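The values are calculated or read from the model by the stated rules, or taken from the named source; none is laboratory data. Here the structure is a predicted model, which is why all the values come from computation and not from measurement. Counting neighbours? That spans all protein chains shown, and the Cβs are built from the backbone with ideal geometry, glycine included. Protein only, heavy atoms only, side chains kept; ligands, DNA and RNA dropped before computing areas. Shrake-Rupley method; radii C 1.70, N 1.55, O 1.52, S 1.80 Å.
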Amino acid sequence: MRLSRYFLPILKENPKEAEIVSHRFMLRAGMIRQHSQGIYSWLPLGKRVLDKVNRIIREEQDRSGAVELLMPTMQSADLWMESGRYEAYGKEMLRITDRQERPMLFGPTNEEMITEIFRSYVKSYKHLPLNLYHIQWKFRDEIRPRFGTMRSREFMMKDAYSFDLTREGAEHSYKKMFTAYLRTFDRLGLRAIPMRADTGPIGGNLSHEFIILAETGESEVFCHKDFVNFDIPPEDVDFDSTEVMEGVFNKWTSLYAATDEMHEAEAFDKLPESERLSARGIEVGHIFYFGTKYSEPMNAKVQGPDGKEHPVHMGSYGIGPTRLVPAIIEASHDDNGIIWPRSVAPFEVALINMKVSDDACNAVSERLYEALLNAGIDVLYDDTDERAGGKFATADLIGVPDQVVIGPRGVANGEIELKDRKTGERETMTVEAAIAKLT
Ligand code: ATP
Ligand code: MG
Ligand code: MG
Ligand code: MG
């Protein structure tokens with residue numbers, strides 16, 4: 001991408017409305033634009049990051065055996081009357097009436113809708129287990145939308161729903177998602193700790209929140225320090241093996257970790273002081289097993305091997321991609337801007353042509369640009385006539401991991417400079433060596 005033809009509305013000043021660093025940098029880097037309270041557009045740079053986050057989420061959902069579909073944002077109130085949640089959900093639900101005076105709503109979550117799909121098609125235990133997910137906008141009329149897309153009213157959610165014949169089956173499905181979540185957050189460059197959690201309006205009895213430790217987090221959390229260094233399940237982990245899934249789950253739940261609502265001070269205080277971590281955290285994912293809470297009232301039953309009908313055991317599993325983007329920034333930045341983990345960086349390489357009025361600089365820049373594009377690398381080529389200082393500031397602010405600086409003095413010697421955004425280390429090398437290193 002040539003910056004001269006891109007849309008990157010950088011803000012020079014710190015926006016006054018932004019209270020936390022991720023919100024500040026997302027606005028300054030031209031990633032998002034607010035329209036009304038808690039409602040945002042994702043501008044091109046933000047959209048690139050969001051897409052990469054979603055790709056990783058999708059890959060790990062698919063790896064665990066979940067199947068993607070897409071449900072609408074608008075739902076009919078009838079379904080929610082069936083489950084009994086229409087009244088119970090309260091003011092967070094945005095209720096809308098269509099021209100026929102039918103009550104509709106903008107979905108805050110999809111348990112009812114997915115149960116309706118399931119019951120329409122699946123009649124036998126032979127089609128179980130089944131896990132269906134989508135990545136779709138949600139709306140919750142939050143009392144206090146704030147911190148940009150960290151707590152917005154319209155936000156994206158990956159929500160998966162599992163269906164099993166028995167409780168044991170459902171627990172295995174739960175542990176598969178638990179494992180997939182550990183892998184997902186790790187690939188996003190985050191250390192998320194699963195903590196025992198309250199089930200809230202979703203209902204049920206087994207639940208974990210995945211929490212990123214951050215001072216600006218809204219939750220108060222308590223856990224054992226060792227979780228910070230626990231191993232993540234490998235790519236080839238066997239999701240079908242009950243023993244393997246139990247192994248992962250038991251290990252990751254073997255030490256104390258609880259959110260505020262589930263905290264037992266007495267148990268926590270028994271840990272030696274040096275092993276205790278009480279901190280603030282950001283909820284980036286939440287998984288629930290809730291048995292037959294929806295399948296009973298909504299009549300989602302399958303025939304079992306015994307020939308009888310059984311309500312299915314269900315779980316639901318959420319991740320917030322539009323919250324993850326600021327959460328990653330909270331975890332990885334410095335005074336100059338964002339430091340993206342490579343896996344989600346909007347561009348992998350920034351080419352900084354320091355002097356576009358110089359033919360030799362242009363020739364080298366174009367050659368590099370071509371070579372990187374041909375190698376399939378996401379490269380942002382700063383071919384604008386801004387002064388060099390401004391270009392460096394932009395590259396740092398938007399957090400591109402590798403920066404290549406092409407200046408007249410170096411080019412005269414056949415050399416360019418490579419800068420690592422994270423460490424700040426600089427290296428001078430030939431154009432050929434740079435191409436070899438970056439591709
Ligand atoms: P919170 O406690 O932050 O209000 P929640 O417990 O209400 O979140 P869940 O119903 O568990 O949220 O939804 C699953 C995931 O969706 C959350 O873990 C979070 O990542 C994301 N999410 C929920 N509400 C929002 C929001 N208002 N803005 C952005 N992401 C959200
Ligand atoms: Mg909430
Ligand atoms: Mg919560
Ligand atoms: Mg939650």
Checking rank on 147-155, 36-44, with mean other Cβ inside 10 Å and highest first, the result is 147-155, 36-44
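Select from segment 30-133 those trypsin sites (Lys or Arg not before Pro) which occupy a DSSP coil region and have at most 13 other Cβ atoms within 10 Å, ordered by residue number. Intermediate values should be presented prior to the final figure.
Working: sites: ARG33, LYS47, ARG48, LYS52, ARG55, ARG58, ARG63, ARG85, LYS91, ARG95, ARG99, ARG119, LYS123, LYS126; in loops: ARG99, LYS123.
Passing both the DSSP loop test and the Cβ count: ARG99, LYS123.
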With an 8 Å cut-off on Cα pairs and a minimum separation of 6 or more residues, tell me the relative contact order of segment 21-83 in percent. 17 percent
In degrees rounded to 10, the 0-90 angle between helix 388-398 Cα long axis and the longest Cα principal axis of the chain is 10 degrees
Among the lysines, which have Cα under 18 Å from the Cα of LYS270 when same-chain residues fewer than 8 positions away are ignored? LYS225
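Considering Cα pairs under 8 angstrom that are at least six residues apart, work out the relative contact order of the chain and quote it in whole percent.
Here the relative contact order equals 17 percent.
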Using Cα positions and a limit of under 24 Å, work out the lysines in reach of LYS91, with same-chain residues fewer than 8 apart set aside. LYS138, LYS158, LYS293
Using a cut-off of 13 Å between beta-carbons, work out the net charge of the residues near PRO234 (Lys and Arg +1, Asp and Glu -1, PRO234 not included). -3
Dipole size in debye (nearest 20) for segment 239-285 around its Cα centre, Lys and Arg Cβ +1, Asp and Glu Cβ -1? 180 debye
In the neighbourhood of PRO44 defined by beta carbon distances under 14 Å, the net charge of the other residues (Lys, Arg +1; Asp, Glu -1) is +4
For LYS391, which lysines qualify as cross-link partners when the Cα separation must be under 25 Å and same-chain residues fewer than eight apart are set aside? LYS12, LYS16, LYS47, LYS52, LYS355, LYS419, LYS422, LYS437
Taking the solvent-accessible surface of protein heavy atoms with a 1.4 Å probe, what is the per residue accessible area of segment 1-86 in Å²? 50 Å²
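At 1.4 Å probe size, with the rest of the protein present, what percent of the exposed accessible area of the chain is carbon and sulfur atoms?
47 percent
Add -39500 (n - 2.57) for each DSSP H run of 4 or more in the chain, then divide by its residues: what number comes out at 222 nm, to the nearest 500 deg cm²/dmol?
Working: 13 runs with 138 residues, N = 439.
Calculated mean residue ellipticity at 222 nm is -9500 deg cm²/dmol.
Roughly how many debye, to the nearest 20, is the charge dipole of the chain about its Cα centre, given +1 on each Lys and Arg Cβ, -1 on each Asp and Glu Cβ, and no other charges? Walk me through the numbers before you get to the answer.
Values: 55 positive and 70 negative charges, 204 e Å.
Dipole about the Cα centre, nearest 20: 980 debye.
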With θ set to phi - 60° and the Karplus curve 6.51 cos²θ - 1.76 cosθ + 1.60, what are the ³J(HN,Hα) couplings of segment 338-353 in order, to the nearest whole Hz, using x for Gly and Pro? 7, 10, 6, x, 3, 4, 10, 4, x, 9, 7, 10, 10, 9, 10, 8
Listed highest first by mean packing, meaning other Cβ atoms within 10 Å per residue, what order do 266-274, 312-320, 279-287 come in? 312-320, 279-287, 266-274
Ordering 326-335, 11-20, 236-245 by per-residue average of other C-beta atoms within 10 angstrom, highest first, gives 326-335, 236-245, 11-20
Filter the chymotrypsin sites (Phe, Trp or Tyr not before Pro) in segment 1-39 down to the DSSP loop ones having no more than 12 other Cβ atoms within 10 Å, then list what survives. PHE7
